[in-house]
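Values in this text are rule-based calculations from the coordinates and carry no lab data. In this text, all values refer to a predicted model and were calculated from it rather than measured experimentally. With ideal geometry, Cβ positions are generated from the backbone for all residues, glycine too; neighbour counts draw on all protein chains shown.
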Amino acid sequence: MTALDFALAWRKRAACRGIDPEVFFPVSDEEAEEAKAICAMCPVRQACLEHALANREREGVWGGATERERRRILRQRRKSA
């Protein structure tokens with residue numbers, strides 16, 4: 001197993017596996033509730049969110065957060081650093 005394989009191993013335990021990816025790419029933040037509900041039950045939600053933050057994912061719901069919410073998290077982290 002490579003370092004990258006190990007770093008992404010959390011994906012195998014994700015609650016979203018097997019669900020239509022379209023659910024996680026809503027047209028607006030207001031339509032993200034279905035994806036957020038799935039993320040809320042996910043055992044690897046935090047790893048997913050950290051992956052999205054580290055890789056500056058621009059679209060979709062990752063770790064229960066929309067792109068706007070992830071930008072806010074990054075701004076807050078920069079302020080407290």
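Answer yes or no: is there a residue in region 56-65 that is under 11 Å from the mean Cα position of the chain (by Cα) and among the aromatic types (F, W, Y). Yes, that holds for at least one residue.
I'm checking my understanding of the structure. Among residues of region 45-64 that are among the charged types (D, E, K, R) and surrounded by fewer than 17 Cβ atoms within 10 Å (Cβ to Cβ), which one is nearest to I19 (Cα to Cα)?
We begin by selecting, within region 45-64, every residue among the charged types (D, E, K, R); these are 45, 50, 56-59.
Now restrict to residues that are surrounded by fewer than 17 Cβ atoms within 10 Å (Cβ to Cβ): 50, 56, 58-59.
On the way: E50: 21, R56: 23, R58: 20, E59: 17 Å.
By that ranking, first place goes to E59.
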